[in-house]
Structure formats: C-alpha cells, structure tokens
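Asker: Okay, here's the structure, questions in a sec.
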Amino acid sequence: MAASEAPIIPDKIGSLLFCTACGSLLDLPSNDDVITCAPCGTVQDARIYDNLSIVTRSHPSAFPSVLRQKRQLVSHVSRTDENTMEQATIKEKCPGCGNEEMNFHTLQLRSADEGTTVFYDCPKCGYKFSQNN
C-alpha cells in the first residue's frame, strides 16, 4: 500500500460484510488472499477482515415465544403466606379419610406439549398426592 493511500475499512452491519465499492453482500473468500465481489468484480485484500470483531446482541424480548411465556407464567406463583400456595377446591374424594373435597393446584412440570401435574391435598387429614394430566 502506498503512503498516500488510505487503508480500506470494511463495511459491515452486524455480522454481514459488504463490498466497499458497490455495497453488495460479500461471499466468503475463494482463497485466503483476496475477496472478489461477484456483482462488480472489485477485489479486496482479505486481510482487512483479519481480527475484525463482530458482536451481535438480541434483546430478550426480540424473539417472543409461546413456550417462554408459559414458563414465565409458571414461575410466578402467587402465595397467600410464605409457605402456602393459593389453591382451589374440587369435589374429589380423599383416599386417606374419605372427605368429599380436596384442595388442588397445578404446575407445568413436563414439556409444554404435555399436560400439567395436579397436586391434591386434603384440608381435613392432610393426605397429599399428585396426578399427571
């Protein structure tokens, strides 16, 4: 490179590299010495891309996912006090004492395409069991 020539600075957007002459997207070099732009034929020294740092980042909400939303809903459990989850009551006979109603709550413990796990506990005798839906 002559003293009067300015160094060529590669054009890049994110991880994409572009021709400095015509702006076309560059292919990988065919050999280690030069990169040839297919549309305009400009030849660039491949060494200008040596040690070029390309960093990409995505915001956590950039790619919304139904699975991620379900996971977040499951992880935020409301509590009535420090050790007790909010529970609903269902007409289910307790196998322990025969009481006609049981408390229950559900959690998504398996993969998203499978049913939830229902946890039952008897308010009368404290008997507990779970069932996969």
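Asker: Any idea of the accessible area per residue across region 89-132, 1.4 Å probe, to the nearest Å²? Before the final figure, lay out each step's value.
Answerer: On the way: 2880 Å² over 44 residues.
Value returned for region 89-132: 66 Å² of accessible area per residue.
Asker: Sticking with this one: Kindly identify region 89-132 as rounded, prolate or oblate by the Cα gyration tensor criterion: order the square roots of the eigenvalues as a ≥ b ≥ c, call it rounded if a/c is under 1.5, otherwise compare a/b with b/c, prolate if a/b is larger, else oblate. Please report the intermediate quantities before stating the final value.
Answerer: Numbers: a/c = 3.06, a/b = 2.73, b/c = 1.12.
The shape class here is prolate.
The values are calculated or read from the model by the stated rules, or taken from the named source; none is laboratory data. Please read all numbers here as calculations on a predicted model, not as lab measurements. Each accessible area value is taken on the protein alone, full model and side chains, heavy atoms only, with ligands, DNA and RNA left out. Shrake-Rupley method; radii C 1.70, N 1.55, O 1.52, S 1.80 Å.
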